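Reviewing the structure listed below.
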Amino acid sequence: MTHKNPALRAGNVVSASSGAGAKKPVKPTKPQALMGKKPAKFALEGNKWIIEYQENESALEVANADITQVINLFACKNTTVIIKGKVNAVTLVNCTKTSVLVESVVSSVSITKSPSFALQITGVAPTIQIDSTDSGQIYLSKQCLGVEITTAKCSAVNVSLPVEGEEDGVFEEQAVPEMLKTVVQNGKLVTTIVEHAG
């Protein structure tokens with residue numbers, strides 16, 4: 001401590017022996033979630049394709065996929081995955097700016113917490129489920145127009161439909177409704193889509 005009084009300044013001398021035996025503070029370790037990037041994984045385990053932590057991959061290809069296999073994508077960024085063949089299901093979780101091109105799906109395509117996704121189905125798929133996702137683009141083939149799209153807590157999701165009578169690759173984009181109106185009728189809730197005129 002520093003004092004203006006010279007008599008007090010002389011009395012506060014730190015001895016050299018007190019600093020030598022003192023322990024240094026222990027540096028705390030980082031939590032596992034902050035340890036850095038996890039290793040990328042692209043592997044078939046049993047009947048599941050595990051595609052994790054891929055970054056800036058322009059054309060990862062799952063070739064010769066079959067009807068029993070499930071494709072799981074997790075935490076991919078700026079990645080394009082091409083799935084050749086008919087698969088059981090496709091799942092995207094926590095992926096950012098990830099594009100998936102799939103021929104056909106037997107059960108469903110599920111997209112959760114994956115902003116700025118793009119999905120193109122060149123064959124058929126019965127169901128697409130989107131949850132907690134902002135900004136997405138879906139391209140459907142002529143065979144896939146019977147698909148059922150379910151959304152929850154989503155915004156800015158667009159579906160591009162093939163234009164009838166035009167060549168392949170010509171699409172018309174339509175927005176998935178985001179604003180709903182709910183009223184009470186005869187003791188029950190009735191929800192309708194809000195349409196804006198103009």
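The values are calculated or read from the model by the stated rules, or taken from the named source; none is laboratory data. Values in this document were obtained by computation on a predicted structure and should not be read as measured data. FYI the Cβ positions are ideal-geometry reconstructions off the backbone, even for glycines, and counts take in every protein chain you see.
For the stretch 26-43, state whether one or more residues are β-branched (V, I, T), surrounded by fewer than 18 Cβ atoms within 10 Å (Cβ to Cβ) and at pLDDT 90 or above. No, that holds for no residue. Of the residues examined, I111 is one that is within 10 Å of the chain's Cα centre (by Cα), part of a strand (DSSP E or B) and modelled with pLDDT of 95 or more.
A quick yes/no check of all residues on (1) assigned to a loop (DSSP other than H, G, I, E, B); (2) at positive phi; (3) modelled with pLDDT under 95; (4) not aliphatic (A, V, I, L, M):
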site	(1), (2), (3), (4)
S107	no, no, no, yes
Q120	no, no, no, yes
G136	no, no, no, yes
N158	no, no, no, yes
P177	yes, no, yes, yes
G198	yes, yes, yes, yes
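Of the residues contained in the stretch 168-181, one or more are found to be of a type outside the set (G, A, S) and free of Cβ contacts under 8 Å to residues at least 12 places away in the same chain.
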